[in-house]
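Below is one structure, written out as structure tokens; the observations come after it.
The values are calculated or read from the model by the stated rules, or taken from the named source; none is laboratory data. Please read all numbers here as calculations on a predicted model, not as lab measurements. Every residue, glycine among them, receives a Cβ derived from its backbone with ideal geometry; neighbour counts consider all protein chains shown.
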Amino acid sequence: MQFKGTVFRYGRDIDTDVIIPARYLNTSDPAELAKHCLEDLDPTFVTRVQPGDIVVADENFGCGSSREHAPVAIKAAGVSCVIAKSFARIFYRNSINMGLPILECPEAVDAISNGDVVSVDADTGAITDETTGATFQAQPFPPFIQEIINDGGLVARTKRVMAEKGGN
């Protein structure tokens, strides 16, 4: 999985209520959730984000409630991946389940600035700040998690595996 996009840089403790405010949880439609992604933190985010862009954040990204709507909103908004110093545990798992690639790399987070263009090779964990030329190494996902992400999430992977085995 290769990604390249412009960085949207945020701070620490970005919780799921900020990623997708609770007032929009009356839908699970990804396109509708995307319209409100990060609007309380960055009201212009959805008008500026382009397909493939990358979110970079400090510690504890995705803390708060365990709603899977948060990674769905980020992914549906066009974000290709999130790089952070650390992720809340349930957000980490929800992101994998929804097919949103996330990488932990404190060194990259410290060096990357808002608006930089960054490329990511999620298979190897290589992160390159194309703006500065700096390179970083995150821990790549093991193959079984790469499969889940490549298939678009856990449900999609399960459907594919079942179909290959002749199941429903």
Which of the residues belonging to segment 144-168 are of a type outside the set (D, E, K, R) and closer than 23 Å to C81 by Cα? F144, I145, Q146, I148, I149, N150, G152, G153, L154, V155, A156, T158
Got at least one residue in segment 114-123 being at pLDDT below 95 and touching a helix residue (DSSP H, G or I) at 6+ places or on another chain (Cβ under 8 Å)? yes
Residue by residue through segment 120-148, note down the ones that are touching a strand residue (DSSP E or B) at 6+ places or on another chain (Cβ under 8 Å), on the phi > 0 side of the Ramachandran plot and loosely packed, with under 14 Cβ neighbours inside 10 Å. none
Show the residue pairs that are 6+ apart or on different chains and have beta-carbon atoms under 7 Å apart, the first residue being within segment 149-165 and touching a residue at least 40 places away in the same chain (Cβ under 8 Å), the second being assigned to a helix (DSSP H, G or I) and surrounded by 15 or more Cβ atoms within 10 Å (Cβ to Cβ). I149/I96; D151/R157; G153/N97; G153/M98; L154/N97; L154/I148
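Tally time: how many residues in segment 71-114 are in a loop (DSSP other than H, G, I, E, B) and either within 26 Å of P30 (Cβ to Cβ) or of a type in the set (V, I, T) (or both)?
Kept after step one, since they are in a loop (DSSP other than H, G, I, E, B), are these residues of segment 71-114: 77-80, 85-86, 88, 99-101, 105, 112-114.
Subset that is either within 26 Å of P30 (Cβ to Cβ) or of a type in the set (V, I, T) (or both): 77-80, 86, 88, 99-101, 112, 114.
So the count comes out to 11.
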